[in-house]
Amino acid sequence: VEETYIMIKPDGVQRGLVGEIISRFEKKGFLLKGLKLFQCPKELAEEHYKDLKDKSFYPKLIGYITSGPVVCMAWEGVGVVASARKLIGATNPLQAEPGTIRGDLAVQTGRNVVHGSDSPENGHREIALWFKESELCQWVPAQAPWLME
Ligand code: GTP
Ligand code: MG
């Protein structure tokens, strides 16, 4: 099954946007499998963003992600990885379309309120990195037959 790791970054938590952001994925119809508020240790932030370690903004990025609690989420659904990226919008919030999370709620790349996995492989990798197996629920929501024929 396809799954994606979505994370509300510390700015989203500090700005009181947790409910608003969760709501967008929930209303769309994806299945929530895991959810927690979490203070990210530096080592985990470094592992999560290891592909960016040669970028000039990398130290700032690690400082940002570890600067306060984040909300970690695992969402499942057909096409969820690409669809979640569409709901989130472009990396630079000034270029993100209105209607997207970043387009509606943020102004700067370094404070872009939310993360979403960029491929199904990274969806699996990141969920395994941020969650213990026991923190994930396999369940069928009552609305399932009203979402998918
Ligand atoms: P994520 O969903 O968070 O992975 O964002 P993304 O996939 O849209 O962008 P990317 O993976 O390329 O970069 C990861 C994160 O690094 C971004 O979301 C930003 O928070 C941060 N970042 C990327 N580019 C810049 C930059 O030029 N300056 C700063 N300050 N941060 C950046
Ligand atoms: Mg990315």
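For the chain, the longest principal axis of the C-alpha atoms and the axis of helix 18-28 are separated by about 40°.
In the chain, the longest principal axis of the Cα atoms and the axis of helix 120-130 are about 70 degrees apart.
Taking amide H as placed 1.01 Å from N in the peptide plane, residue 66 has no amide H partner under 5 Å among residues 5 or more places away or on another chain.
Mind listing P(r) for the chain? All alpha-carbon pairs, 5 Å bins, whole percents. All Cα pairs, binned at 5 Å, distribute as 2, 10, 19, 23, 23, 14, 6, 2, 1, 0 percent. Per-residue ellipticity at 222 nm computed for the chain from its helices equals -10500 deg cm²/dmol, with DSSP H segments shorter than 4 residues left out and the rest contributing -39,500 (n - 2.57). In terms of the mean number of neighbouring beta-carbon atoms within 10 Å, the peptides 1-7, 132-138 order highest first as 1-7, 132-138. Under 14 Å of direct C-alpha separation, and excluding same-chain neighbours fewer than eight residues apart, residue 36 reaches these aspartates and glutamates: 133, 135.
About the Cα centre, and with charges only on the beta carbon of Lys, Arg (+1) and Asp, Glu (-1), how big is the dipole of the chain? Nearest 20 debye, please. Could you put the intermediate results ahead of the total?
Values: 18 positive and 19 negative charges, 97 e Å.
That gives a dipole near 460 debye.
Packing, as the average of other Cβ atoms within 10 Å across residues, places the peptides 107-115, 54-62 in the order 107-115, 54-62, highest first. Electrostatic bookkeeping for residue 124 treats Lys and Arg as +1 and Asp and Glu as -1; over the other residues with beta carbon under 10 Å from its beta carbon, the sum is -3.
Our coupling estimate for segment 49-55, obtained by passing each phi through the Karplus curve with A = 6.51, B = -1.76, C = 1.60 and θ = phi - 60°, is 9, 4, 5, 9, 5, 8, 6 Hz, Gly and Pro reported as x.
FYI, it's all coordinate maths here, none of it is from the lab. Everything numeric here is computed off the predicted structure, so don't read it as measured data. Neighbour counts run over all protein chains shown; Cβ positions are idealised from the backbone, glycine included.
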